[in-house]
């Protein structure tokens, strides 16, 4: 279950980075500036597969859905973008993920 309030209590470090420069977090997470446009910075994040990486607005939506649900639904990673995949039961949380993925693809 997500707990974003825990993040607010953590220390914050700010870095200035240029294109193709990066930041190493721990021993196995690399965050690199991939490209910069007028309205956005595109980051490339390399992590081990077990490390969960979410955009903040998606994490906030998921946390809200988890808090409002009696039992949060489980979504297969491969079905997060396609709820019509065989064996996948559509869920409210899946709809949120699909909407956010569709929104990000449109931008």
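Quick note: the coordinates plus some simple rules give every number you see, no bench work behind them. Keep in mind that what you see is a predicted model, and the values were worked out from it rather than measured. Because the Cβ atoms are built from the backbone with ideal geometry, glycine has one as well, and the counts that use them run over all protein chains shown.
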Of 13, 45, 31, how do they rank once you tally other Cβ atoms within 10 Å and put the fewest first? 13, 45, 31
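Sort 24, 54 by Cβ crowding within 10 Å, fewest neighbours at the top. All intermediate terms of the calculation are to be shown ahead of the outcome.
Details: 24 11, 54 14.
Least to most surrounded, the residues fall as 24, 54.
What FRET efficiency do you get for residue 56 and residue 24 if R0 is 35 Å and r is their Cβ-Cβ distance, rounded to the nearest 0.05?
Numbers: r = 21 Å, r/R0 = 0.60.
Efficiency, rounded to the nearest 0.05: 0.95.
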